[in-house]
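Visitor: Please read through the structure below; I'll follow up with questions.
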Amino acid sequence: MRNRNRRSRMAASGDGSGGLVAAVARHPREFVGIVMGTAAVLAIFVNALFLQHGPHPAPIFAARQPLSQTGPIAIPRPRPAEPVVTAAPAARSQAQTVGDIQRALLKKGFYEGRVDAVWDAKTDAAVRDFIDAAGVKVDARPNEALLHAIATSDIVKSSAPAQNDPIAALIAPSQRITAIQRALTDFGYGQFNPSGVYDPATKGAIEKFERDRHLPVTGVISTQLVQELSTVTGRPLE
């Protein structure tokens, strides 16, 4: 009896193995696909569970981030405001300064010429007339200090009424003589006020200048004297 049961179990087991083999033999491609799919699934699980050293980039159950931060929160510092660079005003040319000086002198009554921004003998004489009348200590050259002195001064030259007197016209002060007297005084050839009147003091200063410059000693106002004085002073006299 026991032997019969044992043979029955062996036969049943043999039939099961034979059936599996027969199924594999009938469907070999399907069997290979099942085996490869099972192996792939096992490889994925093994890789995900045992072969990953860090956290998975896309875990199934993502851990929630803590709501509070243990470390101090770094507050960005505001950038300092950049300084505003303003363009410096352009420097005025000498011609502009001369033109403004002529306008200021014209307004004060010391200049009667044309505002042409040219520093000529008439402009130079007008500037020196203003300096003498106002008594200011300023250089008689075209600069901003001179322009400021003229513009802020209260001195106004009074114009004398015209007279039909030829003798008075001859003895009236001359701008040419005034310019010569100023030039002689500037270079130490006389200590007299530039009155514009040819007098003995002016004659003596001219003679001294002519001797020093090796010119014919005449003591009179001539074109050669004016040219020589212009060369020495570096400014026009007429």
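The values are calculated or read from the model by the stated rules, or taken from the named source; none is laboratory data. Since this is a predicted model, take the numbers as computed values, not measurements.
Visitor: Would it be correct to say that SER195 is assigned to a helix (DSSP H, G or I), of a type outside the set (Val, Ile, Thr) and closer than 25 Å to ARG141 by Cα?
Guide: No; evaluated as a whole, the condition is false for this residue.
Visitor: Within the bounds of region 219-231, is there any residue that is over 22 Å from ALA140 (Cα atoms), assigned to a helix (DSSP H, G or I) and assigned by TED's automatic domain parsing to the domain that holds GLN181?
Guide: yes
Visitor: Given the conditions (1) closer than 30 Å to ASP186 by Cα; (2) of a type in the set (Lys, Arg); (3) modelled with pLDDT under 85, report the number of the one that ARG79 does not fulfil.
Guide: Of the numbered conditions (1) closer than 30 Å to ASP186 by Cα; (2) of a type in the set (Lys, Arg); (3) modelled with pLDDT under 85, the odd one out for ARG79 is (1).
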